[in-house]
1. May I ask you to verify whether Leu518 is assigned to a helix (DSSP H, G or I), in contact (Cβ under 8 Å) with a residue 40 or more places away in the chain, hydrophobic (A, V, I, L, M, F, W, C) and crowded, with 23+ Cβ neighbours inside 10 Å?
2. For the stretch 462-483, give me the residue count where each residue is open to solvent by 50 Å² or more (accessible area, probe 1.4 Å) and either within 15 Å of the ligand (Cβ to nearest atom) or without any contact (Cβ under 8 Å) to a residue 12 or more places away in the chain (or both).
3. Can you name every residue in the stretch 725-740 that is open to solvent by 70 Å² or more (accessible area, probe 1.4 Å) and either among the hydrophobic types (A, V, I, L, M, F, W, C) or at pLDDT 80 or above (or both)?
4. Go through the residues of the stretch 236-252 one by one and say whether even a single one is open to solvent by 50 Å² or more (accessible area, probe 1.4 Å) and modelled with pLDDT of 75 or more.
5. Looking at the structure I just gave you, is Met313 closer than 14 Å to Glu367 by Cβ, out of contact with any helix residue (DSSP H, G or I) (no Cβ under 9 Å at 6 or more places or on another chain), open to solvent by less than 70 Å² (accessible area, probe 1.4 Å) and within 16 Å of the ligand (Cβ to nearest atom)?
6. Can you tell me which residue in the stretch 330-353 is farthest from the ligand (Cβ to nearest atom), limited to those that are in contact with a strand residue (DSSP E or B) (Cβ under 9 Å, 6 or more places away or on another chain) and closer than 13 Å to Lys187 by Cα?
7. Between a residue in the stretch 183-208 that is closer than 18 Å to Leu352 by Cβ and outside any strand (DSSP E or B) and any residue that is open to solvent by 70 Å² or more (accessible area, probe 1.4 Å) and of a type in the set (Lys, Arg), which pairs come within a Cβ distance under 7 Å, given they are 6 or more apart or on different chains?
Amino acid sequence: IPADGKLLSCTGLSCDESMLTGESAAVQKQIHDEVSMGCTVKSGHGIFQVEQTGMHTRMGQIAGMLTEIEEEPTPLQKHLGQLSKYIAAGCLLICAVVSITGVLRGEALFDMLITGVSLAVAAVPEGLCAVVTISLALAVSRMVKKNALVRRLHAVETLGCATVICSDKTGTLTENRMTVQEIATPKYHLYLEVSKGKEIGFFSENGENAADLDDIRQLTEIAVLCNNTQLPQEREEKGLFRTSKVEAVQGDPTESALFVMAESAHFSTVKIMREFSRTFEIPFDSQRKRMSVIVRNRQGDRWIFSKGAPDYMLELCSYYLENGQVKLLTPSIRKKIQSQNEEMARKALRVLGFAYQSEPEESERAESDLIFVGLAGMIDPPRQEAYQAVQTCKKAGIQTVMITGDHVSTASAIARDLKILDTNGRVLTGKELDQMTDVQLDRELDQVRVFARVAPAHKLRIVKAFKKKGRVVAMTGDGVNDAPAIKEADIGVAMGNGTDVTKEAASVVLLDSSFATLVSAIEEGRVIYKNIRKFIRYLLSCNIGEIVTMFLGMLMGMPVVLLPIQILIVNLVTDGLPAIALGLEPAEKDIMQKPPRKKQEGIFSDGLLSTIVFRGILIGLTTLAVFTSFYHSSQNLLVARTGALATLVITQLIHVFECKREEVGIFKINLLDNWKLVAAVAFSTLILALSIHLPICNLLFQTAPLTWRQMGEIALYCAAVPILSSIAISFKHKKRKDRKQEEISFQLPVQGEN
Ligand code: ATP
């Protein structure tokens with residue numbers, strides 16, 4: 001509903017006002033009742049007079065209040081915020097200890113204060129939280145370019161942990177481009193014939209033409225009238241509608257396909273629509289899986305026309321139509337219709353059944369003792385990109401589960417086609433699900449690949465069951481009824497063409513409704529987490545390097561190695577651009593060939609902390625070595641500090657390249673595949689060169705120009721660090737590989753016993 005206003009007329013109108021009132025039950029509306037912007041119509045239709053728009057509506061007032069609420073930090077940001085606090089507290093402690101012991105040892109108070117401040121500046125990773133936020137924000141903008149709109153920032157982190165994707169079928173795994181291929185009545189079975197890309201009609205194997213059959217005429221009338229598709233107005237006015245293009249009509253693809261079917265079978269939809277007027281509607285609902293309308297013809301005769309899932313429709317029918325005659329629906333005819341339905345569904349067709357009755361009462365009770373007319377089976381091809389995406393999920397250790405309201409055979413055929421369902425996979429129907437206890441469901445869940453003929457309420461149970469097993473679930477949905485399941489899921493995913501309520505509940509919106517987009521968002525989630533680990537490794541080891549330099553220098557009784565301003569320069573050139581560029585690293589080739597990360601896994605898992613500490617100590621020792629060497633050789637504190645400054649910056653800039661990969665040393669890494677990182681490092685090197693060689697900078701930063709010989713010496717020291725750390729990394733990973741191998745060979749006999 002696009003504005004606030006008062007109803008002038010309405011038929012069976014009910015609105016979901018949960019967004020305003022929190023009340024989940026739909027509110028029945030009468031003439032003169034208020035309707036509110038942002039709410040959704042659950043059933044019926046009506047006309048209202050607009051009274052308020054934009055910020056003056058009830059929704060607008062709430063929106064106004066919402067703008068005052070600040071966005072919560074993500075779990076990762078909180079985690080890092082906490083880490084920063086620990087670091088700050090630790091560094092204050094070190095500063096205090098250093099300053100106090102220094103003063104007690106007889107050092108000048110001022111010198112000790114300077115040392116303390118320098119240490120504090122060295123220890124705090126000032127850029128960390130800013131870099132995390134910038135990287136997450138950039139990831140969100142990259143995702144939007146791929147059609148995945150992230151509504152909640154924390155979803156970016158959770159996406160990378162997804163272990164199960166529960167996906168809708170229609171429109172997500174399939175194209176939602178329906179074309180009726182077959183029409184069947186208990187007597188006839190007709191197939192769409194196409195010549196030179198144009199539909200020429202529906203014909204049976206014996207050559208009967210749909211256009212000549214009374215039963216098909218009846219079926220077509222139901223299909224066109226029990227339908228909310230709208231014809232483009234000018235075509236309707238001129239009675240010109242004759243097209244085979246679904247795009248030419250506006251509405252639900254299933255219903256649009258029925259319009260096209262009528263035209264392809266050579267019945268005029270415009271004529272049918274002029275013949276009848278609608279007086280009542282019981283709208284389609286994925287719980288009831290059917291829709292009915294009550295119509296009146298020009299002579300004043302009234303009819304109920306119904307269409308819906310054949311198994312549901314048959315339960316309402318007591319008669320059937322054959323060559324224009326109404327006959328009793330015997331068990332054998334019922335069986336025949338069921339097997340016609342089954343046969344079409346096995347061919348992956350989405351099947352609808354059609355029925356009618358005369359002189360109905362205007363209520364849901366009219367949907368009984370109906371006369372069954374026939375079936376229409378429509379094809380909805382799987383999305384091309386979904387094949388690849390399902391394979392990617394398999395390799396990435398993510399279970400794909402199809403959840404659909406469609407028939408079990410249709411769903412299975414498409415799931416088999418997309419390789420979601422294999423010989424070991426199970427298919428469960430909504431009815432079977434209802435009969436299962438939670439314990440039984442828990443036991444079956446790992447094998448289930450398809451849930452068919454489910455209602456939206458089942459989705460919530462499925463999500464809860466997966467979550468109970470410790471899985472991280474991404475659940476897609478489009479209808480209002482899907483909102484609770486979407487909200488419950490770890491990653492709620494709404495479709496771009498879904499209702500506002502669903503989008504409101506979701507953390508990600510797929511603008512193109514495609515499964516492949518969701519998979520690429522998951523990949524992006526993995527990439528960003530990996531990148532965050534990369535720059536945390538980088539920033540923290542650099543900080544540890546600075547602390548080691550300052551602290552050890554002090555312990556060894558040396559003058560203050562670097563002044564606070566010099567440490568600020570180091571942080572400025574190393575913590576800013578290079579760290580952000582590291583956050584923009586492209587995806588590692590095998591990122592979707594590894595199992596998902598565990599949600600509770602800490603940021604320092606897999607021995608990252610020891611790597612950081614080891615590398616930090618190496619940076620510190622190298623800097624100290626240069627400082628000592630320069631101090632002894634030149635007896636000039638300015639030169640020694642400049643040497644230490646240059647070494648600290650260069651070792652850190654080399655380290656930024658090492659952080660591109662965790663498992664291999666710098667010599668096995670492609671250093672040039674992220675041009676932003678190369679540019680950031682080049683820029684930082686330029687600033688370093690200027691701060692050493694520009695006289696004004698010498699004055700400001702208390703540095704001195706270095707000779708070629710000194711620079712060569714620094715280069716030698718700096719080159720030694722990555723060599724040492726490469727040896728350490730390969731040693732560490734060899735040990736880890738051996739340990740994994742041992743674990744596997746330890747587990748093998750157990751598997752054999754099973
Ligand atoms: P998914 O959940 O994957 O999108 P779906 O679109 O098939 O699956 P529903 O929309 O709940 O799920 O449809 C369930 C069944 O209801 C369909 O198999 C079809 O037989 C019937 N159906 C679908 N759309 C309509 C409609 N507009 N009118 C009447 N019956 C319909």
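The values are calculated or read from the model by the stated rules, or taken from the named source; none is laboratory data. Keep in mind it's a predicted model, so treat the numbers as computed, not measured. So basically every Cβ, Gly included, is an ideal-geometry build from the backbone, and we count neighbours across all protein chains shown. Side chains included, ligands, DNA and RNA excluded: accessible areas come from the protein's heavy atoms. Shrake-Rupley method; radii C 1.70, N 1.55, O 1.52, S 1.80 Å.
1. Yes, satisfied.
2. 3
3. Ile727, Phe731, listed by residue number.
4. Taking every residue of the stretch 236-252 in turn, at least one turns out to be open to solvent by 50 Å² or more (accessible area, probe 1.4 Å) and modelled with pLDDT of 75 or more.
5. The answer is yes for Met313.
6. The extreme case among them is Ile333.
7. Pro186/Lys336
Each row is one residue, and each column tells you yes or no for (1) surrounded by fewer than 16 Cβ atoms within 10 Å (Cβ to Cβ); (2) modelled with pLDDT of 75 or more; (3) not in a helix (DSSP H, G or I).
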residue: Pro73; (1), (2), (3): no, no, yes
residue: Ile87; (1), (2), (3): no, yes, no
residue: Gly90; (1), (2), (3): yes, yes, no
residue: Ala96; (1), (2), (3): yes, yes, no
residue: Ala120; (1), (2), (3): no, yes, no
residue: Val131; (1), (2), (3): no, yes, no
residue: Leu138; (1), (2), (3): yes, yes, no
residue: Leu149; (1), (2), (3): no, yes, yes
